[in-house]
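Student: Handing you this structure, nothing more for now.
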Amino acid sequence: MLPGLSNLVPVKVLVVGPGAREHALSLALSRDPAVSHLICAPGNAGTTDVAEAMPLDAADPAAVAALAVAESVDLVVVGPEGPLVAGAADAVRAVGIPVFGPSAAAAQLEGSKSFAKEVMAAAGVPTAASDTCVTGDEAAAALAARQPPYVVKADGLAAGKGVLVTDDVVAAENFARDVLSATGARVVIEDFLDGPEVSLLAVTDGTTIVPLLPAQDHKRVGDDDTGPNTGGMGAYAPLPWLPAGTVDLVQKTVLQPVIDEMARRGTPFSGVLYAGLAMTSRGPSVVEFNCRFGDPEAQVVLALLKTPLAGLLMACADGTLAVQPPLEWQPGSAVTVVVAAEGYPGTPAAGDQVVVGDLPAEVAVLHAGTSVVAGDVVTSGGRVLSVTATGSSLAAARTKAYEGVDAVRIRGGFSRRDIAAKAVRGEISVPSQGSEP
Ligand code: GLY
């Protein structure tokens with residue numbers, strides 16, 4: 001009998017959050033034979049297919065803990081960053097219930113870009129050189145000292161919209177001044193990192209860290225990476241173009257050093273550490289950390305995970321990850337394509353009916369911004385659905401994902417049409433180490 005959960009004692013699990021990531025978590029947990037009862041709170045119009053929905057203000061840590069107690073759950077899985085940064089995991093731990101997710105102090109790795117930079121400096125982790133600025137004049141000076149493209153990041157949480165990358169120094173400065181107009185705000189201005197991006201998510205109990213399959217997100221709203229940044233318009237996993245040994249290298253140079261540094265500070269990080277990396281000519285370098293599963297990366301990574309998820313997450317919660325067996329993965333690939341509401345990433349249209357026609361096998365429509373009104377599923381957020389397919393190859397998974405997307409009808413709804421396209425065509429390459437950026 002292994003620690004964690006593998007003794008198949010039935011467990012009741014509460015997933016906290018409203019989006020497609022939480023739908024993907026719920027779907028994967030529902031496949032674990034150890035899970036006897038699953039709640040996804042507040043959930044959405046799709047999570048109810050696999051989990052019981054309950055009203056919850058996920059941003060209120062006391063409310064999360066109270067629901068966990070009231071429902072006598074055995075494990076709480078906190079999905080989004082907002083509740084984690086607010087202290088949801090601390091509140092649940094304080095009532096003695098195992099929880100998958102970092103403390104508020106550890107979640108600062110995502111909650112503050114400048115904190116993450118400080119941890120990386122202490123841990124010797126490769127990342128772009130940066131300046132943290134609190135006034136517009138400091139930001140202007142930091143920009144003047146750099147070459148385009150300019151990278152400006154709001155220091156705090158911004159739902160994927162707090163980053164501007166631009167060749168226009170005036171736009172960069174205006175963005176920085178705009179962010180800094182809020183009381184107490186800071187911006188981080190950093191050197192641009194060349195090379196394709198990788199999302200490497202890893203589960204950890206605060207001591208041991210185990211990487212999941214590498215994935216790639218598509219953050220811009222338009223095909224060919226045009227238009228503003230979003231929370232993510234689609235993803236795929238694994239990455240056929242990633243040089244062999246990269247995951248081990250990142251484990252050694254990024255993931256383990258950060259986990260060790262957080263433990264050394266007395267704020268161990270348990271849950272998912274999401275490393276956003278650029279594959280530069282000097283090797284993998286950290287663009288950002290997130291303190292939770294990526295959305296939409298979770299949809300593709302969890303679609304391929306064969307290891308029972310509740311046992312894995314419980315092992316992170318109870319500190320027994322080191323004695324878990326190696327992760328098992330379904331062979332092949334997964335692709336997810338986000339269907340967004342008209343107006344996203346600006347103000348999305350709400351209340352439009354969501355109709356899903358017949359779907360091919362191996363396609364799941366994961367819900368994000370949906371609710372049920374008078375018996376109809378309608379849009380209630382920017383990213384509405386995440387249409388996820390698995391297949392024996394990346395090309396097969398991509399074809400099926402788009403068949404799924406084409407079965408969706410939402411007035412004004414749209415998707416990128418190029419998710420995973422460059423990878424399928426073999427057009428992504430990693431700069432060779434030592435080559436000029
Ligand atoms: N896909 C980007 C994120 O989850 O932050």
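The values are calculated or read from the model by the stated rules, or taken from the named source; none is laboratory data. Not measured: the values here are computed from a predicted model. Ideal geometry is used to build each Cβ from the backbone, glycine not excepted, and the neighbour counts take in all protein chains shown.
Student: In the range 295-318, which residues are touching a Ser or Thr at 6+ places or on another chain (Cβ under 7 Å) and within 16 Å of the ligand (Cβ to nearest atom)?
Tutor: Matches in the range 295-318: Pro296, Glu297, Gln299, Val300, Ala303.
Student: Going by the structure shown, is Glu436 modelled with pLDDT under 95 and either more than 23 Å from the chain's Cα centre (by Cα) or more than 29 Å from Thr280 (Cβ to Cβ) (or both)?
Tutor: Here the answer is yes, as Glu436 does meet what is asked.
Student: Check the range 324-335 and report whether any residue there is at pLDDT 95 or above, touching a helix residue (DSSP H, G or I) at 6+ places or on another chain (Cβ under 6 Å), β-branched (Val, Ile, Thr) and surrounded by 24 or more Cβ atoms within 10 Å (Cβ to Cβ).
Tutor: Yes; the residues of the range 324-335 include at least one that is at pLDDT 95 or above, touching a helix residue (DSSP H, G or I) at 6+ places or on another chain (Cβ under 6 Å), β-branched (Val, Ile, Thr) and surrounded by 24 or more Cβ atoms within 10 Å (Cβ to Cβ).
Residues checked against (1) more than 20 Å from the chain's Cα centre (by Cα); (2) of a type in the set (Gly, Ala, Ser); (3) at pLDDT below 95:
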| residue | (1), (2), (3) |
| --- | --- |
| Ser6 | yes, yes, yes |
| Val69 | yes, no, no |
| Val85 | no, no, no |
| Ala91 | yes, yes, no |
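Student: Filter the range 182-202 down to the residues that are of a type outside the set (Asp, Glu), part of a strand (DSSP E or B), out of contact with any Lys or Arg (no Cβ under 6 Å at 6 or more places or on another chain) and away from the ligand (no atom under 13 Å from the Cβ) and list them by number.
Tutor: The answer is Val187, Ile189, Ala202.
Student: From the set of residues in the range 203-232 that are in a loop (DSSP other than H, G, I, E, B) and under 15 Å from Val163 (Cβ atoms), which is nearest to the ligand (Cβ to nearest atom)? Give the steps one after another, and end with the answer.
Tutor: Pass one, the range 203-232, residues in a loop (DSSP other than H, G, I, E, B): 205-208, 212-214, 218-219, 223-225, 230-232.
Those still in the list that are under 15 Å from Val163 (Cβ atoms) too: 218-219, 225, 230-232.
Working: His218: 9, Lys219: 7, Asp225: 14, Thr230: 9, Gly231: 6, Gly232: 3 Å.
So the residue we want is Gly232.
Student: Filter the range 266-282 for residues that are in contact with a helix residue (DSSP H, G or I) (Cβ under 8 Å, 6 or more places away or on another chain) and more than 15 Å from Pro214 (Cβ to Cβ) and give the result.
Tutor: Correct list: Thr267, Pro268, Phe269, Ser270, Gly271.
Student: Give me the pairs: first residue in the range 79-104 and in contact (Cβ under 8 Å) with a residue 24 or more places away in the chain, second residue within 16 Å of the ligand (Cβ to nearest atom) and of a type in the set (S, T, N, Q), beta-carbon distance under 7 Å, and six or more apart or on different chains, which are they?
Tutor: Glu81/Asn290
Student: Can we say Leu242 is more than 16 Å from the chain's Cα centre (by Cα), touching a residue at least 24 places away in the same chain (Cβ under 8 Å), away from the ligand (no atom under 16 Å from the Cβ) and not in a loop (DSSP other than H, G, I, E, B)?
Tutor: Taking the combined requirement at face value, the residue does not satisfy it.
Student: Another question about this same structure. Filter the range 23-40 down to the residues that are within 21 Å of Val387 (Cα to Cα) and free of Cβ contacts under 8 Å to residues at least 60 places away in the same chain and list them by number.
Tutor: Ser26, Ser30, Cys40, listed by residue number.
Student: Within the range 71-78, is there a residue that is outside any loop (DSSP other than H, G, I, E, B) and among the small types (Gly, Ala, Ser)? Quick ask: steps written out before the conclusion?
Tutor: Of the residues in the range 71-78, the ones outside any loop (DSSP other than H, G, I, E, B) are 75-78.
With the extra rule that they be among the small types (Gly, Ala, Ser), the set shrinks to none.
Scanning the range 71-78, I find no residue that is outside any loop (DSSP other than H, G, I, E, B) and among the small types (Gly, Ala, Ser), so the answer is no.
Student: Residue check, Gly426 against (1) farther than 17 Å from Ala340 by Cα; (2) in contact (Cβ under 8 Å) with a residue 12 or more places away in the chain; (3) surrounded by 16 or more Cβ atoms within 10 Å (Cβ to Cβ), all met but one. Which one?
Tutor: (3)
Student: For Leu321, only one of the following conditions fails: (1) among the hydrophobic types (A, V, I, L, M, F, W, C); (2) over 20 Å from the mean Cα position of the chain (by Cα); (3) within 14 Å of the ligand (Cβ to nearest atom). What is its number?
Tutor: Here Leu321 clears every test but (3).
Student: Report yes if some residue within the range 165-174 is assigned to a strand (DSSP E or B), within 16 Å of the ligand (Cβ to nearest atom) and under 30 Å from Ala145 (Cα atoms); otherwise report no.
Tutor: Yes, that holds for at least one residue.
Student: Just give me the residues in the range 383-397 being crowded, with 24+ Cβ neighbours inside 10 Å and not hydroxyl-bearing (Ser, Thr, Tyr), in sequence order.
Tutor: Initially, the range 383-397 is screened for residues crowded, with 24+ Cβ neighbours inside 10 Å, giving 383-389, 397.
Arg383, Val384, Leu385, Val387, Ala389, Ala397 - these are the residues of the range 383-397 that are crowded, with 24+ Cβ neighbours inside 10 Å and not hydroxyl-bearing (Ser, Thr, Tyr).
Student: Of all residues in the range 263-294 being among the hydrophobic types (A, V, I, L, M, F, W, C) and within 13 Å of the ligand (Cβ to nearest atom), which is surrounded by the most Cβ atoms within 10 Å (Cβ to Cβ)?
Tutor: That would be Phe293.
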